[in-house]
1. Hey, can you rank B:71-81, B:171-181 by average C-beta count inside 10 Å, highest first?
2. Once phi is turned into ³J(HN,Hα) by the Karplus curve 6.51 cos²θ - 1.76 cosθ + 1.60 with θ = phi - 60°, what whole-Hz value does each residue of segment A:299-304 show in order, with x for glycine and proline?
3. Report, in whole Å, the centroid distance computed from the Cα atoms of segment A:199-244 and segment A:299-325.
4. Starting from the eigenvalues of the Cα gyration tensor, five times each then square-rooted, give me the equivalent ellipsoid semi-axes of chain A, largest first, whole Å.
5. Summing +1 for each Lys or Arg and -1 for each Asp or Glu, what net charge is found among the other residues whose Cβ lies under 11 Å from the Cβ of B:TRP106?
6. Could you tell me the center-to-center distance, by alpha carbons, between segment B:160-209 and segment B:35-90 in angstrom?
7. When ranked by the protection proxy of mean other Cβ atoms within 10 Å per residue, highest first, what sequence do the peptides A:42-54, A:155-167 form?
8. Which residues' amide hydrogens lie under 5 Å from the amide hydrogen of B:LEU164, considering only partners 5 or more residues apart or on another chain, with H built in the peptide plane?
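What follows is calculated from the coordinates using simple rules that are stated; it is not laboratory data. All values reported here derive from a predicted model rather than from experimental measurement. With ideal geometry, Cβ positions are generated from the backbone for all residues, glycine too; neighbour counts draw on all protein chains shown.
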Amino acid sequence: MNSRRPAWVWGVLLLGALLAALLASLLLGSVSIAPHDVLRALLGRGDAGTVSIVRELRLPRALLAVLVGGALALSGAALQALLGNPLADPYLLGVSGGAACGTLVGSLLGLGASAGMRAGIFDALALPFAAFLGALAAVLVVGIGASAGGRLDRGRLLLSGVVVNALASAILLFLLSFGDPSRTQTFVFWMLGSLAGATPGAVAALSVYVALSLALLLPLARAFDALTLGEETAATLGIRVETAKRTAYVAASLLAAAAVAYAGIIGFVGLLVPHAVRRVTRSHRALLLLSFLGGAVLLVVSDVVARSLFAPAEIAVGAITALLGAPAFLFLLRARP
Amino acid sequence: MTVPLGAEGLAAGYGAHDAIAEITHMFAAGRVTALLGENGAGKSTLLKALAGIVPARRGTVRLGGRPLPGVPRREAARMLGYLPQGFEPLFPILARDLVLLGRTPWRTAFGAPSARDHLAVDAALTEMDAGMFAETDLGAMSGGERQRILLARVLAGEPEVLLLDEPAANLDPRHRFLVIDAMRRRAESGGAVVFSTHELDVASQGADDAVLLSGGRVLAAGPIADTLTESLLSDLFGVSACVTPGAGGRPLVSIGPARAR
């Protein structure tokens, strides 16, 4: 019998960890600013340059890490419940391939080309939008492929997700052979994921998606619990199985598409975090909420590591999450009770 | 209150094929009914159609006199308890948590389980002699132990109608009788119990009535004294059957080698 701490204790612990990580994220940067100046700047006091660095660069970046990490983990938790498959991750249903195609098509069309030397593709609002459209298009194709007689079929959902991602890779390779190499480099950077494109606008947009998805997913927690028994038995317990599946599908896709649009393809957060959280709770309400917090902590910490390991050079945060995530995942698998 | 369950001209199936057809039978309150038949005879499909999982293609299922599709979802979920055949948990889950899922129709969307929920879960675990597994993960259990937990999940919902697909599967003799007792108790308190089985002793010891299914249609139906007969059973299964009077007026069935039908 393992001693099971109640879920709220984990919630408090994760919240504490998140605040500490956020603080670290705000204090670290290419310009060194004293901790108390950072705190004063947050409140709008101090010299204008410092205020601008803290409130327009560091704060949006830290908050974007919270939202993207949280969104990916929440999306993964919802998809694992929907598919009844602990291997599901947010990119399974074509989101990554679709977003990549959207981004590449966008950049080949010249969107974001005027953004200057250092900015790459992130400073343009047009490219996140193109990525978002690409992701939604892919998700839509997957959804159509997986519908049979008005029902969303779990097995087909998985298969058509794999197929659409494969199709997207083929289109990518095709397009890349036309693209000029300098664009290819920024594209590869995008593929690895980065939070460098954080703007207050991106934070606001993602907040809306996250709030909307939480509002859709949390009332489904009981349905997800019952779906552990299988769809048929869940239906006999009074669960609206099709409604629950469709809602989860839409919310999980929106979350992943929005996260990818602003931060590129950051791996492992959506797979690792729900897995880890399942170790401490089996109730889906706690699972969804703790996944969000856990994903936020993981990505803020990863971003701090990505920025400070070889400062002032910055490593792609997706490389850090994979470097941290893959061994952690293997450890979780080995330690499975 | 009694909630009789009835099928009228019921047909249901998958793809182009009707797995069951022309099923008309009243599953009376206060009775335990065994569904008997070969593999693929339509026992599971009939249970699923009665539970509302597989829609009726023709005919109707009536629950308490009302057509089943017209009964509000939650009300139907409280009245009907369904045990599927074979189950692999998708995620690790503790026995107690799984049994608590049986309380779903009684719970609100948010909020912790009530004292009433916990009582029902404990009672169901005890009735299935599974209290000692309450804090064990389902994946760490034997097939029979798991089966008792799954049955406890159905009982915890306190349904008046029980639809059980092979409830005695994988159980040792003592626990098989535990399940028979549980079914009989539900019938004695006015519930209707329908279960499928391949074990003729479970049918003869547990059931009041039997419905013999062959090729998706009713071959015979009625009290076990009239349906668990040598001629009907040997017709149904293609084996030689020997029926002798047993204790308490229940027939003792033994079966012999396969024979031509």
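1. Sorting B:71-81, B:171-181 by mean packing, highest first, produces B:71-81, B:171-181.
2. Listing the rounded values in order: 6, 4, 4, 4, 5, 4 Hz.
3. Using only Cα atoms, the two centres lie 31 Å from each other.
4. Each semi-axis is √(5λ); the values are 32, 26, 16 Å.
5. +3
6. Centre-to-centre (Cα) distance: 17 Å.
7. The most tightly packed comes first, giving A:155-167, A:42-54.
8. Sorted by chain and number, the residues that satisfy this are B:LEU83, B:VAL194, B:PHE195, B:SER196.
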